[in-house]
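This report concerns only the one structure given below.
The values are calculated or read from the model by the stated rules, or taken from the named source; none is laboratory data. As the structure is a computational prediction, the values presented were derived from the model and not from experiment. All Cβ positions, glycine included, derive from the backbone under ideal geometry; neighbour counts span all protein chains shown. Note: areas computed on protein heavy atoms with side chains; ligands, DNA, RNA excluded. Shrake-Rupley method; radii C 1.70, N 1.55, O 1.52, S 1.80 Å.
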Amino acid sequence: MCGIAGWIVPTGGETDDAGRVDRVLRALRHRGQDQSGSWSGVVGGGADWRVTLVHTRLGIVDRTGGRQPMADEAGVRWMTCDGEIYNHLELRCALEARGHRFCTHSDTEAIVHLWEELEEAVPDRLRGMFAFALWNGESRRLWLVRDRWGIKPLYFARLGNGGIAFASEPKGLWASAWMEPRIDFSRMAEHWALGFGVAHGSLYQGVEQVEPGTCVSWAVPGAALRSRRYWSLPLGADQDQGQAPWGATEWVDRLESRLTASVREHLMGDQPVGLALSGGVDSALLASLMRRETGAPVATFSVGYTEAEASELTGAREVAELLECEHHEVVLDAERFWALVPKLVWHMDGPIRWPSSIALFSLAQEARKRVRTLLTGEGCDELFAGYARYGATVWNRRVGRWGAVRVLGDGLRDSIREGIWSRPLPDLFKKLMVHSVLGYSTSDPGRYYLDNWHAVFEPGGQCLSGVEWAAGSDGARLRTEAYAASLAAWERATDATLLRRMLYTDLHGYLVGLLQKLDRMGMAANLEGRVPYLDHELVEAVWGMPDRYRYRGITGKWIVRRLAGRLLPRAVSGRRKRGFPTPIARWLREPRGEAVLEVLLDEGSWVRDQWGAKAILGMWNAHKRRERDHAERLWLMLTFEFWHRTFIRKRGRDGAVTW
């Protein structure tokens, strides 16, 4: 993993390029502390332009020789790259056979040489996770390229002087001093509704992301941006609509073959590789395959809480003992959790959607003491239908067609939801009822799915109607703005089954937020995270699998459990999914939680200005009295406030603000 940045600007008497480079290197140093470097050159022809590339490196492959920015033999093409290319040795052998001379053993150098032959067709040949910028001095063109899933981040902005700047994280743009952070209010509806951005933009005006599986190019002098999508998840025909050619055994065989190959590729590198072990079937299966591939004990790492009801340490410990892993644990308490929040908001460059991000960072910190790379199970639930919401949505859709249910109007459902929440019933029962057809109409399945399972604040509902950026907007408009990118994915999968549409939408939305979480929390600890379940060859091989092999009865990830059953005891392969729970609802009701309310109601609080003290106190008191679980909403408001103080008001010293 690395930090990359750069800019192309008219020279215009610029004398502070070295100062800009130094500030950017400091801002991104947490992404790579082994080496750092930069390259700068002037492009003539009319007005002169200066090209600058910056790199901070966490050395995984060829730790001493793979310095960047890196050039081809002629010094014409220069690049700075973040990530890993798992098939670089295969590419290298073919390139050397065609006469290319390599100066290092770095995986990045394979991209530089391959670009000489294929240019922007290169990403199609790469297997890995990557975000890179490549400057071609002959064509005077810059390429910004991101891997197929967006595992590695890459932001860019057009500058007021006609130039362009890019960075792994927005803070790299601010450190370059080419622009200042300002809120993009057009993104507010999506971020308050979902807690993460699905579209290619960001919360900052003028700052966009290179979309996953996309190559963006820009030429001097100041030409229009060109964008080409080189990969997308192939929708194809739904096999459940025809005759499936394979049975369960053949699909399990295929999954075992492809996942084994992916794990083997993801073990690539010169540094030790560990595993984030939750005790669930996803990571347990990876642990088993890693042990089978290496023939040696696997270094595993787990995180839990002092509150036993929210901890998965027991299950992880059982798997580690079964597979004879070198196991390590971290236990997180409320005091440590709250203390880390402002710092990690700085690392996230935005609000933190999931409280479990704090636990992930703590795990990464512990793992970094022993390894530089950590495999994780991200993507398995979205690819193989691991969440209970998938089965619940399919069931509710069927029940929603019953005549007695169809007559329920939106107003009555609103009353039913509020009535359920106000009753002294167990939280689990209330959540199940609210998420059923009693609480939401299924007539519009895409919006039903997002409202029901992803929305933190319902767009257009009471919780959004009073804020400044939504003033004058009706509910339909806010919902359209909030869900536009997610519903675009939903509509692209229009010919698929309901289950497949949910998976497709989550792979292009919810997973985007999870991968950002993995990258930022890992990089905050200077640790590389890898995701074997998202190997694109594996995904392409299993995407056409019939629904019945993903979700059967009330069992999600059915096919994954069948494979795990070949390698692990039933007690592990059949273990119920718990997610990554955080006892934040409980902590908010404790005395330390009062500090959250103080932040939100502070005289200078942006959240208070937007929402009003009355609305905030209403949620707080309802949560304290256990009338409604508002933990998720209060958490998002807190991290929005810290983000605003840190980057917009710039109240932090050396980055993060304090409580």
**Study point:** Inter-residue pairs, beta-carbon under 6 Å, first assigned to a helix (DSSP H, G or I) and in the range 335-351, second of a type in the set (D, E, K, R), 6+ apart
**Key:** His347/Arg520; Met348/Arg520
Check your understanding: If Leu332 passes every condition in (1) open to solvent by less than 30 Å² (accessible area, probe 1.4 Å); (2) within 23 Å of Gly386 (Cβ to Cβ); (3) hydrophobic (A, V, I, L, M, F, W, C) but one, which one does it miss?
Key -> (2)
Practice item. Test Val51 against the criterion of being touching a strand residue (DSSP E or B) at 6+ places or on another chain (Cβ under 7 Å) and surrounded by fewer than 20 Cβ atoms within 10 Å (Cβ to Cβ), and give yes or no. Key: no
Exercise for review: Please enumerate the residues belonging to the range 67-84 that are surrounded by 21 or more Cβ atoms within 10 Å (Cβ to Cβ), assigned to a strand (DSSP E or B) and either over 24 Å from the mean Cα position of the chain (by Cα) or of a type outside the set (Gly, Ala, Ser) (or both).
Suggested key: Met70, Arg77, Trp78, Met79, Thr80, Cys81, Asp82, Glu84
**Study point:** Conditions (1) out of contact with any Asp or Glu (no Cβ under 8 Å at 6 or more places or on another chain); (2) at pLDDT 95 or above; number of the one not met by Ala308
**Key:** (2)
Exercise for review: Evaluate the following for Leu289: is it within 21 Å of Gly565 (Cβ to Cβ), surrounded by 17 or more Cβ atoms within 10 Å (Cβ to Cβ), under 24 Å from the mean Cα position of the chain (by Cα) and at pLDDT 95 or above?
Suggested key: no
Check your understanding: Given the structure, is Glu382 over 26 Å from Leu600 (Cα atoms) and either more than 20 Å from the chain's Cα centre (by Cα) or surrounded by fewer than 23 Cβ atoms within 10 Å (Cβ to Cβ) (or both)?
Key -> no
Review point. Considering only residues of the range 85-107 that are surrounded by fewer than 20 Cβ atoms within 10 Å (Cβ to Cβ) and touching a residue at least 40 places away in the same chain (Cβ under 8 Å), which is farthest from the chain's Cα centre (by Cα)?
Key: Thr104
Practice item. Can you confirm whether the range 314-321 contains a residue that is in contact (Cβ under 8 Å) with a residue 40 or more places away in the chain, under 24 Å from the mean Cα position of the chain (by Cα) and open to solvent by 30 Å² or more (accessible area, probe 1.4 Å)? Key: no
Practice item. Scan the range 16-30 and report the pairs whose first residue is β-branched (Val, Ile, Thr) and whose second residue is open to solvent by 30 Å² or more (accessible area, probe 1.4 Å) and outside any helix (DSSP H, G or I), with Cβ atoms within less than 9 Å and a gap of 6+ or a chain change. Key: Val21/Ser38; Val21/Ser40; Val24/Ser38
Practice item. Quick one: Glu324 ticks every box in (1) at negative phi; (2) touching a residue at least 12 places away in the same chain (Cβ under 8 Å); (3) acidic (Asp, Glu) except a single one, so which number is it? Key: (1)
Exercise for review: Please specify each residue of the range 413-433 satisfying the condition of being aliphatic (A, V, I, L, M) and not in a helix (DSSP H, G or I).
Suggested key: Leu425
Revision key, fill the gap. From the option list Asp495, Asp506, single residue qualifying as among the acidic types (Asp, Glu) and at pLDDT 95 or above is Asp506
Review point. Restricting the first residue to the range 412-426 and requiring it to be among the charged types (D, E, K, R), which pairs with a second residue that is surrounded by 14 or more Cβ atoms within 10 Å (Cβ to Cβ) and in a helix (DSSP H, G or I) meet a Cβ separation below 9 Å and a spacing of at least six or different chains?
Key: Arg417/Met433; Arg417/Val434; Arg423/Lys430
Revision key, fill the gap. By my count, helices (runs of 4 or more DSSP H) wholly in the range 537-631 with at least 3 residues that are closer than 30 Å to Ser257 by Cα are 558-567, 570-573
**Study point:** Answer from Trp143, Trp178 - the residue that is part of a strand (DSSP E or B) and farther than 22 Å from Leu58 by Cα
**Key:** Trp143
Check your understanding: Could we say that Val263 is closer than 29 Å to Arg127 by Cβ, of a type outside the set (Phe, Trp, Tyr), buried (at least 21 other Cβ atoms within 10 Å of the Cβ) and touching a Cys at 6+ places or on another chain (Cβ under 9 Å) here?
Key -> no
Practice item. State which residue pairs qualify: first residue of a type in the set (A, V, I, L, M, F, W, C) and inside the range 530-553, second residue in a strand (DSSP E or B) in any location, beta carbons under 8 Å apart, and separation of 6 or more residues or different chains. Key: Val531/Met129; Val531/Leu375
Point to revise | Criterion violated by Asp506 - all others in (1) of a type in the set (Asp, Glu); (2) within 13 Å of Leu233 (Cβ to Cβ); (3) open to solvent by 20 Å² or more (accessible area, probe 1.4 Å) satisfied | key: (3)
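Yes or no, residue by residue, for (1) closer than 22 Å to His347 by Cβ; (2) surrounded by fewer than 18 Cβ atoms within 10 Å (Cβ to Cβ); (3) not aromatic (Phe, Trp, Tyr):
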position	(1), (2), (3)
Val112	no, no, yes
Gly128	no, no, yes
Gly162	no, yes, yes
Ala165	yes, no, yes
Gly172	yes, no, yes
Asp184	yes, yes, yes
Review point. Is the range 295-309 home to any residue that is open to solvent by 50 Å² or more (accessible area, probe 1.4 Å) and either in contact with a Pro (Cβ under 8 Å, 6 or more places away or on another chain) or among the aliphatic types (A, V, I, L, M) (or both)?
Key: yes
Exercise for review: Please go through the range 351-366 and pick out each residue that is surrounded by fewer than 23 Cβ atoms within 10 Å (Cβ to Cβ) and within 12 Å of Leu518 (Cβ to Cβ).
Suggested key: Trp354, Ser356
Practice item. Would you please name the residue that is nearest to Gln205 (Cα to Cα), looking only at residues in the range 596-648 that are among the aromatic types (Phe, Trp, Tyr) and open to solvent by 20 Å² or more (accessible area, probe 1.4 Å)? Key: Trp606
Exercise for review: Please indicate, with yes or no, whether at least one residue in the range 434-441 is of a type in the set (Phe, Trp, Tyr), modelled with pLDDT under 75 and assigned to a loop (DSSP other than H, G, I, E, B).
Suggested key: yes
Check your understanding: So is Gly150 in contact (Cβ under 8 Å) with a residue 40 or more places away in the chain, in a loop (DSSP other than H, G, I, E, B) and within 26 Å of the chain's Cα centre (by Cα) or not?
Key -> yes
Point to revise | Residue within the range 609-619 that is in contact with a Lys or Arg (Cβ under 7 Å, 6 or more places away or on another chain), acidic (Asp, Glu) and touching a residue at least 24 places away in the same chain (Cβ under 8 Å) present | key: no
Study note, to complete from the structure: Given the conditions (1) open to solvent by 30 Å² or more (accessible area, probe 1.4 Å); (2) in a strand (DSSP E or B); (3) touching a residue at least 40 places away in the same chain (Cβ under 8 Å), every one holds for Gln33 apart from (2)
